[in-house]
Amino acid sequence: MVAGKMKTGDGERKVGGLKTMPFILANEVCDRFATAGLMSNMISYLTQQLHMPLVKASNTLTNFAGTASLTPLIGALISDSFAGGFWTITVASVIYQMGMIILTLSAVLPGLHPPPCPMGGAQQQETCPEASTKQLWILYLSLLLTSLGSGGIRPCVVPFGANQFDVAVGHKAARNRSFFNWFYFCMGCASLAALTIAVYIQENVGWGWGFGVPTIAMAISVVVFVLGYRLYRHFEPAGSPLTRLAQVIVAAQRKRKMDRPEDAADLYENKELDASISTTGKLLHTNHLKFFDKAAVITESDKPVSDPPNLWRLCTVHRVEELKSVIRILPIWAAGILLTTASSHQNSFSIQQARSMDRRLSPSSFKIPPASMSIFSNLAMLLTLVVYDRLLTPVLRKHNITYMHRMGVGLLISIGSTAAAAIVEVQRRAVAARHGLLDSPHATVPISVFWLVPQHALHGMAEAFVVVGHLEFMYDQAPESMRSIMTALFWTAIAAGNYLSTFLVSMVHKFSGDRNWIPDRNLNRGRLDCYYWLVTGIQVLNLGYYVVCARYYTFKPIEIKLKFLKTCENNGLSLKSFRQLALFYGKSLYKAKTLK
């Protein structure tokens with residue numbers, strides 16, 4: 001079904017719209033609670049329960065996070081090619097659930113994790129028995145299943161939710177665009193709950209219940225999502241988008257010696273052939289990347305043009321422009337890689353810093369779990385999203401401030417986050433030295449853990465600007481039939497960032513000299529601040545790279561269908577206002593034309 005109505009025995013029943021949001025957002029809240037509850041304190045589980053060295057544990061997490069962000073490419077291909085969003089999300093959620101069940105069992109069953117440290121082992125961790133090969137394989141199996149599950153959920157849930165709304169303008173367009181902010185807001189609320197409830201259970205009740213509660217939440221998310229099946233808009237898969245991209249490349253290569261016609265109107269067009277991949281409107285010809293235009297050149301050997309033609313020899317302008325759009329997106333996409341590399345320490349080194357600091361609210365109060373310090377990242381992110389959506393958006397729209405500017409601001413704030421982390425680490429280690437604690441890795445350094453609040457808060461603000469802006473950019477600038485692939489590409493940037501973090505940490509650990517910047521056992525004898533300054537410098541270079549790419553980026557041009565223009569008129573929006581609204585959302589050219 002490709003329309004927004006479902007046929008029933010009593011006629012037609014409208015599907016999609018706001019009524020689907022409770023099911024989709026409830027699913028995402030439970031799913032995010034489960035994911036955050038699983039990963040937010042995993043560094044503590046690996047180092048405290050499985051007795052892994054710090055660097056090995058950190059690299060295990062970043063490798064897992066990288067794999068979990070790489071598999072969305074597979075999920076997107078399955079969704080766009082034949083399965084559709086609903087079934088991809090459902091099956092992937094079940095696979096994710098299996099991984100969480102295995103991880104929970106590994107924490108509960110004594111034979112699946114090493115015994116506790118012997119007496120005195122808490123102070124001399126070298127005497128603690130590390131997890132056996134069998135126990136590590138059980139851990140890796142659970143992480144692999146959750147990675148595969150993430151691959152089907154992450155690339156599909158955002159476009160599946162956004163597609164529940166009609167392509168509209170005016171207040172409907174604003175409501176559609178707000179979906180991205182509120183989607184991420186719900187994710188933040190779920191993460192906040194996980195950082196308080198799940199982390200507290202892990203630290204004070206036990207890891208069995210600590211992993212069991214998120215596992216139950218994940219099961220609820222699957223049930224809630226499936227219950228909304230009859231209300232969703234379901235779109236027929238349009239075939240493998242990667243095949244279409246490959247066809248353009250092959251056709252252009254075959255005709256590399258041919259001359260392009262001076263008039264772009266002479267290039268091959270076929271509205272019927274492109275109907276299923278251009279429901280909103282077809283992409284207009286651009287003068288960039290002209291080599292690929294040769295795929296749409298009609299040669300003597302192509303005449304008479306069959307219907308459909310051999311797409312490995314002749315492609316439509318719309319399909320050529322799909323490839324051009326993807327290529328133009330890649331430089332902006334790449335800017336997100338180093339951002340992930342810079343923020344990866346939030347779930348590893350920052351937690352180890354917090355564990356060594358005074359975590360009491362008052363002399364008689366309980367200690368804040370180290371992983372719960374990420375609450376301040378979530379609170380800052382949620383507050384920023386609300387302020388941006390409700391206060392800044394109306395003002396920024398008048399000045400044509402797009403999500404490209406939003407991403408740049410976020411990258412700048414992220415530099416401040418890692419710089420603050422470096423400054424705080426200098427202070428933490430200085431206090432440890434004054435109190436003679438440099439050789440006491442498990443002693444509490446008498447400095448308040450709330451010194452870490454600025455770096456967490458700045459990280460949350462940066463995430464609200466960059467991640468939401470990046471998601472909206474990828475969804476908006478992607479060809480409409482490739483939105484799952486582009487969302488998967490967003491997660492692939494996160495994967496590359498995590499793998500790069502693993503490489504960077506390993507290299508720093510190996511080559512930072514006798515005074516290791518990132519020691520395995522004693523953080524007080526390290527120079528974690530030097531690592532943070534290194535990451536800060538990398539981010540400065542990344543910001544400069546992004547500014548250049550954004551300056552020369554060309555927004556995709558699209559020809560809007562007549563029925564869409566009638567929607568403008570029905571919503572009381574003039575063509576001039578429509579173009580202003582389009583410019584704010586990043587589309588530099590909308591050619592209004594009647595299409596048959």
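The values are calculated or read from the model by the stated rules, or taken from the named source; none is laboratory data. What you see is a predicted model; the values in this text were computed from it and never measured. Cβ sites come from the backbone with ideal geometry, for glycine too, and all protein chains shown count toward neighbours. The accessibility values were calculated without ligands, DNA or RNA, using every heavy atom of the protein model including side chains. Shrake-Rupley method; radii C 1.70, N 1.55, O 1.52, S 1.80 Å.
Counting only protein heavy atoms and a 1.4 Å probe, tell me what percentage of region 310-397's accessible area is made up of carbon and sulfur.
The computed percentage sits at 68.
Would you kindly state how much longer the chain becomes between residue 439 and residue 506 on full extension, computed as 0.36 nm times their sequence separation minus their alpha carbon distance, in nm to one decimal?
Going from the current span to full extension adds 21.8 nm.
Using a basic spin-label model with each label point 7 Å from the Cα along Cα→Cβ, how many nm lie between residue 383 and residue 301?
Simple spin-label model gives 6.5 nm for this pair.
Cα extents of region 405-484 along the three principal axes, largest first, in whole Å?
Extents along the principal axes, in whole Å: 61, 22, 15.
What is the list of residues in region 469-508 whose amide nitrogen lies under 14 Å from a point 7 angstrom out from the Cα of residue 289, following Cα to Cβ?
477-480, 482, 486
Answer with one residue from 433, 504, 417: the one whose Cα lies farthest towards the positive end of the charge dipole of region 415-533, charges on Cβ with Lys, Arg +1 and Asp, Glu -1.
Most positive-ward Cα: 433.
Over all pairs of distinct alpha carbons, what does the Kirkwood formula give as the hydrodynamic radius of region 22-109, in Å?
It is 14.8 Å.
Quick one: which residues, 5+ away or cross-chain, put their amide H under 5 Å from the amide H of residue 447? H built at 1.01 Å from N.
For residue 447, whose amide H was placed from the backbone, the distant partners under 5 Å are 358.
Summing +1 for each Lys or Arg and -1 for each Asp or Glu, what net charge is found among the other residues whose Cβ lies under 11 Å from the Cβ of residue 367?
Local net charge: +1.
What ranking do 285-294, 26-35, 46-55, 519-528 get when scored by the average of other Cβ atoms within 10 Å per residue, highest first?
Ranked by mean Cβ neighbours within 10 Å, highest first: 26-35, 46-55, 519-528, 285-294.
Non-local amide H neighbours of residue 558 (under 5 Å, H modeled in plane, Pro and chain starts lacking H): which ones?
For residue 558, whose amide H was placed from the backbone, the distant partners under 5 Å are 284, 589, 591.
Compute the relative contact order of region 291-375 as a whole-number percentage, counting only Cα pairs closer than 8 Å that sit 6 or more residues apart in sequence.
Once divided by the residue count of region 291-375, the mean separation gives 20 percent.
Placing unit charges on C-beta atoms (Lys and Arg positive, Asp and Glu negative, everything else neutral), compute the dipole magnitude of region 249-384 about its Cα centre in debye, rounded to 20.
820
Quick check: from the Cα gyration tensor, does region 58-116 come out rounded (a/c under 1.5), prolate or oblate?
In terms of gyration-tensor shape, oblate.
With a probe of 1.4 Å, find how much accessible area region 289-438 has per residue, and write the answer as a whole number in Å².
The answer is 40 Å² per residue.
Are any of the pairs 271/303; 303/556; 19/271 more than 25 Å apart by Cα-Cα distance, and if so, which?
Beyond 25 Å: 303/556; 19/271.
Mind checking the dipole of region 349-491: about its Cα centre, +1 per Lys or Arg Cβ, -1 per Asp or Glu Cβ, Debye to the nearest 20?
Here the size comes out at about 380 debye.
To the nearest 10 square angstrom, what accessible area does residue 402 show with a 1.4 Å probe?
10
In region 178-271, what trypsin sites (Lys or Arg not before Pro) fall in a loop by DSSP, with at most 11 other Cβ atoms inside 10 Å?
Passing sites in region 178-271 are 256, 257.
Take residue 395 and residue 259, extend 7 Å from each Cα along the Cα→Cβ direction, and tell me the distance between the two endpoints in nm.
Calculated label separation equals 5.6 nm.
Normalised by the number of residues in region 388-490, what is the relative contact order in percent for Cα pairs under 8 Å and 6+ residues apart?
37
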